[in-house]
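Read through the structure below, which is laid out as structure tokens, and then see the notes.
What follows is calculated from the coordinates using simple rules that are stated; it is not laboratory data. The shown structure was predicted, so the numbers you read here are calculated from the model rather than taken from an experiment. A quick note on method: Cβ atoms are made from the backbone with ideal geometry, for glycine too, and the neighbour counts reach across all protein chains shown.
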Amino acid sequence: MKALLVSEYREGKLLDASYELLAFADKLGAEKTMVLIGSEAAAPRFNGKVYLADAAKYGEYNPDVHKKIVLEAAQRENSDCVVFLHSSYGWDLAPRVATALKAAQISEVVSIVDGKFEATCCNGKMRRMVSLKTVKTVVTIQAGAFSFSGEPQGTPHLERLDPAEIASCLEFVGYEAAEAKAVDLTRAEVIVSAGRGVGKKDNVQAIAALAKALGGELGASRPVVDAGWVDHSHQVGTTGQTVSPKLYVACGISGAIQHLAGMKKSDFVVAINKDKHAPIGEVADVLVVADVLQFVPALTARLLK
Amino acid sequence: MEATREIYWNVGHGVVWPMYVFSFIAMAVCVYGFYRRLVVYRQGKRLNRFDRLRVRVNLVFRNVLAQTRVLRVLGPGFIHALFFWGFGFLFIGTLLVMAQADIFQPLFGVVFLKGTFYKLFSLVLDVAGLVALVMLVGLQVRRFFAKPEGLETIRDDYVVHALLFTILATGFVVEGVRMAATEIRNNPNLSLYSPVGMLVGKPFVGMKLDALFLTHKALWWFHFFLAMGFIAVIPFTKLRHIFTTSANYLFTDLAPKGTISTINLEDEGAAQFGAAKVADLTWKDIFDADACTSCKRCQDRCPAFATGKPLSPMKMVKQIGEAAFSNPQAGLIEAVSQDALWACTTCRACQEICPANIEHVNKILEMRRNLSLMEGVFAGDEVRTATSNVEVNGNPFGLAFAARGEWAVGLDVKVMEQDSDVDILYFVGCYASFDKRNREIARNFIKICNAARVRVGILSKEEKCCGEPMRKLGNEYLYQMTAAENIERIKGYGVKKIVTTCPHCFNTLGRDYKDLGLELDVEHYSTFVHGLITSKRLKLKPEPFEFTYHDSCYLGRYMDIFDAPRAILTTAGGRLTEMAKSGSESFCCGAGGGRIVAEEKIGTRINVERVKMAEATGAPLLVSNCPFCLTMFEDGIKTGDCEGKLKALDLAEIIAARIGG
Amino acid sequence: MKILVCIKQVPDMESRFKVNNSGVWYEETDLAFRMNEYDEYAVEQAVQLKEQSGNAPDVTVLSIGPGRVVEALKKALAMGCDRAVHIQDDEYYLKDSWQIASIIAAYAKDLNFDLIFTGMQSQDRGSAQVGVTVAELLGFSCATTLVGFAYGGNVITAKRELEGGLKSVIKLRLPAVVTCQLGLNTPRYPTLPNIMKAKKKEMLTHPVADFLKEGAHSATERFYLPAKKGGGILLEGDVNDMVDRLVEILKEKNAVVR
């Protein structure tokens, strides 16, 4: 099985998540080739063939152009499977490639079971096993589902692709940086929330420190906001923000229904609470029975090591 | 000597026709003034408040003559009542004089103002006049010197007070001067029956007769023209309340408390829902502004006003009047402001106390309906989320509707879909179904039913939100949709009796659902359980405890249920320390009017305010019987730092813990 | 201008899903349905564009599925779409994204739509393929994941949401398909007069056979709940031991901590 792995490139850099494509291909046991519309300097560290098209010429993103380039590489390699990351680049480009190849596309694959692809659905609550009916296939893989272990190493063998001008009805104008604004928890991938178990205002900084260590945002339950320990913009719950992070850490939060309703969509929930029977335990993937004020600083220290 | 006096003494009978002419003019001006106002009231929609006239007239007598609602607030109420009665007697006195002087004496030669009757007449009027004058001064001291907070004094007040005072004062001076000339020296015994006149007249006794006559004449005409002025300005000043406030009793809403108009959603011609301008309100809504005397009793009791929200029921009523009279095309909602409109908890404290019979709540609801149904505007994003949740899953939390009956798993309660042979349908409500703390109410209620051998069933996942919070927030459409689903199920099972642990569901199912086709026996569990106890189907083993009790708005003010819960709690062994604001003066927990789903962003927290009132009683336990109140109090205890000092419990929890005996 | 909005009715994601009898999709009883959240933004944007263009554009809203999807179509009409098309299919879940896209393309082929709006993905299957595939089949330009939309002189200026809060700005010419991301706008709450007007708007029903010409490229073999490895893990005991254990779990399960 020959897999063509489509790497991602943005603002002059290769996106590290591209290496997950290699991990996926290895799991699949496929022959790996990569394609990148980027630059030589950003070519992935991989002991294999990398088709390279110059982003300076073809643009950092133009679906019509990128589609042609990927198709060119797929044709040359006679790839059986074209693999993308399930990202704003991948889900935009993959269906175009799939349609051109008359290939089945499976999106957001989370694992391979007996050679079959398992995709996630229903907001991550369910799974489906997909069978394919076409000769070729296009796959997008869920970010983080296939982790690349260790440091990427190798020297790619570059084969340049230099197709003629490709017409397009689409024009890339530019990027817009993320605004530095008041807390938008709805986009956060990690949230660490403070509840009443935190005790008092001064202790909130310990929770904020953990949030920072995990690269996430500080959240809060209602009573904490009411008490003035944290600003309302951090509130999670029915009268605050409804969030769906990859990781939600609830510190000293009992799990009142209004709070649960605001964070139930989290992928993975860790609850730290003195009370083994706190309602938050019903939605937590991990319940740590401990005093928040003892556990959290210890966890933060461990993460920063 | 004869106990009588000569009517028209000194001024002569010649005054009669100018008197009538001027009176006629004054009254014409008065009538015209009211007619102009009538035109403005008519801008509002039609409303029938003329049925059951006997009941209405009765209300007028009771409230106007006996001043019952005015007397609800004792201090100023008493002063006003006495002033009113004093002035009333003077008015009757004037009518008697007119009757004799202009009808009985000239036409039939009958004189009844003589002898003992005259003495009584004289004395009563003097006393009445003095009481009126003293009370008036009392009111002036209150308004101009004591200046109670929130009491607005405008130019109108100065004019009216000056007029009334001068009329009363000159009345006595005219009498005094007359008596100085006729009675004090010549008939001292008689003058004793006009004691005030006698006192006022004494200084004039030495005066030369000519001077006396002149002074009397001048003062008489002055007093007369003041009185004419009084009559003429009635419709143009606060004095109009003599008629408008009195008439407002005639126009009482005779429907059960809390009745809201049910919009006909089938009416394809309807283009406007709710109120954006005065023309969208009823004539009564505009008339209410005229009946309002700005006494501020409503404002004093409004929980939103008390905690810094921009809502004043009194101000809102006045703003409607202002718009109606000066700018009918004005947008009401901009004038009142959305923040004020959304702040209302529909606690009804304003309406319950209003001595002018004004209906504040439904005006707010009509404006909310405009915001919700015509503009798609919500009190906040969280309210929109709750609304969508009710649409999709039949509860404001957005939890899967299929899980609604899970609290009952393992309990002895039937699910109607499987077995509908029950004594009562327990309509659980959203909070008791899904909220962890409130599930205790549901579980304990089942325990109570089991003990009393009442066969109880629930709709479980077929139950949807009763729709009340959405209705109160103005979303009549969603309310009717969710209500229709409930009604279809309830009717389908042939339910005879519903009991609910939530006063909001209680009001909605028992009263509001009638307009949508459901009429059956709906009871709140407090009176239901009280019935079980009195009929000995349920026995309690009392265990002593100290508590204070919160009368929830939708049980107390709306349904007048105050005694049954207290009786139960006493039977259960409780010793009650009442809060200062209890019974019909209870202070809202803050969750009514749909605000249970809204975030309180302005001012201080209503629930904390109430929790502090409970704490002040010294009782360790705050008992309520509404899931909204319980939720508010649990929250308020934490936020108000009363943890450890005060605990919140529902009535059901106390009863269930004492079953036996 | 002719606009098409493609919407899907999906179960509310708070529901607890059960596998249906054939084991390939969810069981529908006990599920509450609603318009796919992403499609709400699509409907709103289409209606806003119509309003901004002096109400001249005609907006058709389309959905494929069983009878119940009519509720979602009605909501779209109440939000301001002009007419609705219901492609009746009780077995919609047996069709893959390729077939769904081909059905829409077959419907739209000769109708000269200038602009097609749809959500970037559905909340249930979540394959994020249909919108782009429709564009490829019709030969339209396409941009996905829109969080900003402006239109003028046959050109759309779109803002795409990328990872990490970054956005990219692109221009594309009509005819086009755009797929909408959450936050593109604020979907309006239908007002009562609009709900009532919607009852009178045109709702046409076509059997899916009228437009289904393609065979499936893939199929769901099995639909199931992910195995919960021992349910929630309970950690008790020494703080430092628990810290180590938690970090291990996070690395293994979550890939957030590397």
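What does the charge add up to near residue B:580, with Lys and Arg as +1, Asp and Glu as -1, over the other residues with Cβ less than 14 Å from its Cβ?
Details: positive: B:301, B:581, B:610, B:612; negative: B:300, B:551, B:578, B:585, B:609, B:615.
Its environment carries a net charge of -2.
A straight Cα-to-Cα reach below 23 Å connects residue B:208 with the lysines B:217, residues fewer than 8 places away in its own chain not being considered. In the distance distribution for the protein assembly as shown, Cα-Cα pairs more than 41 Å apart total 57 percent.
What is the range B:590-661 by shape, rounded, prolate or oblate, if you read a ≥ b ≥ c off the alpha carbon gyration tensor as root eigenvalues and call it rounded for a/c under 1.5, prolate for a/b larger than b/c, and oblate otherwise? It comes out oblate by the Cα gyration axes. Note on the range B:278-374: along the principal axes its Cα atoms extend 31, 27, 17 Å, ordered by decreasing extent.
If you add up the charges near residue C:36, with Lys and Arg at +1 and Asp and Glu at -1, over every other residue whose beta carbon is less than 12 angstrom from its beta carbon, what do you get?
On the way: positive: C:8, C:34, C:75, C:125; negative: C:12, C:37, C:39, C:40, C:124.
Neighbour charge sum, excluding residue C:36 itself: -1.
What is the distance in Å between the Cα centres of the range B:157-217 and the range C:185-202? Measuring centre to centre over Cα atoms gives 75 Å.
Take every pair of alpha-carbon atoms less than 8 Å apart whose residues are at least six positions apart; their mean separation over the length of chain B yields a relative contact order of 12 percent. Residue exposure proxy: B:520, B:538, ordered by other Cβ atoms within 10 angstrom of their Cβ from fewest to most, comes out as B:520, B:538.
With a ≥ b ≥ c the root eigenvalues of the C-alpha gyration tensor of the range B:413-453, is it rounded (a/c under 1.5), prolate (a/b larger than b/c) or oblate? Before the final figure, lay out the partial values.
Numbers: a/c = 2.74, a/b = 1.39, b/c = 1.98.
Verdict is oblate for the range B:413-453.
Only Cα pairs under 8 Å and 6+ residues apart enter the sum, and on that basis the relative contact order of chain A stands at 14 percent. Give the aspartates and glutamates whose C-alpha is closer than 18 Å to that of residue C:251, dropping any in the same chain fewer than 8 places away, or say none. Excluding near neighbours in sequence, the set is A:16, A:20, A:151, A:189, A:267, A:285, C:241.
Mean residue ellipticity at 222 nm, helices only, the protein assembly as shown: -12000 deg cm²/dmol; runs of at least 4 DSSP H residues each add -39,500 (n - 2.57), and the sum is divided by the number of residues. With a threshold of 30 Å on the Cα-Cα distance, the over-threshold entries among A:264/C:213; A:57/A:102; B:202/B:238; B:461/B:645; B:491/C:199 are A:264/C:213; B:202/B:238; B:461/B:645.
Would you mind ranking B:437, B:46 by Cβ crowding within 10 Å, fewest neighbours first?
With the fewest neighbours first, B:437, B:46 line up as B:46, B:437.
Of the residues B:344, B:452, B:163, the one whose Cα sits farthest towards the positive end of the charge dipole of chain B is B:163 (charges of +1 on Lys and Arg Cβ, -1 on Asp and Glu Cβ, taken about the Cα centre).
Considering only B:254, A:229, A:191, and ranking their Cα positions along the charge dipole of the protein assembly as shown that arises from unit charges at the beta-carbon of Lys, Arg, Asp and Glu, the one farthest toward the positive end is B:254. Centre-to-centre separation between the Cα atoms of the range A:55-70 and those of the range B:501-534: 68 Å.
Karplus-based coupling profile of the range B:166-172, in residue order and whole Hz: 5, 4, 4, 5, 5, x, 5, with θ = phi - 60° in 6.51 cos²θ - 1.76 cosθ + 1.60 and x standing for Gly or Pro. Under a model in which nothing but the beta-carbon of Lys, Arg (+1) and Asp, Glu (-1) is charged, the protein assembly as shown shows a dipole of about 3380 debye around its Cα centre. Comparing C:160, C:222, C:245 in a Gaussian network model of chain C, where Cα atoms under 10 Å apart are tied by springs, the biggest mean-square fluctuation is seen for C:245.
Say the dipole of the range B:1-67 comes from +1 at the beta carbon of Lys and Arg and -1 at that of Asp and Glu; which of B:11, B:38, B:66 then lies farthest toward its positive end? In the range B:1-67, that residue is B:38. In sequence order, the range C:33-48 has phi-based couplings of 10, 7, 5, 3, 4, 4, 6, 4, 5, 5, 4, 4, 5, 4, 5, 4 Hz under the Karplus curve 6.51 cos²θ - 1.76 cosθ + 1.60, θ = phi - 60°, and Gly or Pro positions carry x.
For the residue pairs A:68/A:125; A:116/C:253; A:125/C:167; A:265/C:50, alpha carbon separations beyond 24 Å are given by A:68/A:125; A:125/C:167; A:265/C:50. Once backbone amide H atoms are built at 1.01 Å from N, residue B:546 has B:575 as its partners under 5 Å, excluding neighbours fewer than 5 places away on the same chain.
Working from the Cα coordinates of chain A, the gyration tensor eigenvalues give, after taking √(5λ), semi-axes of 43, 21, 18 Å in decreasing order.
Would you please name the GluC sites (Glu not before Pro) within the range B:483-519 that are DSSP coil residues with at most 14 other C-beta atoms within 10 Å of their C-beta?
Sites meeting the loop and neighbour criteria: B:519.
Of the beta bridges DSSP finds with both residues in the protein assembly as shown, what % are antiparallel, to the nearest 5? Display every interim value, and only then the final one.
On the way: 42 of 145 bridges.
Counting DSSP beta bridges with both partners in the protein assembly as shown, the antiparallel share is about 30 percent.
Roughly how large, in nm² to one decimal, is the mean projection of the convex hull of the alpha-carbon atoms in the range B:515-661? If I average the Cα hull's projected area over directions, I get 10.0 nm². Taking amide H atoms as placed 1.01 Å from N in the peptide plane, the amide H of residue C:27 lies under 5 Å from those of C:18, C:19, C:20, each 5 or more residues away in sequence or on another chain. Of interest is the spacing of the C-alpha centroids, which for the range B:370-402 and the range B:612-639 amounts to 27 Å.
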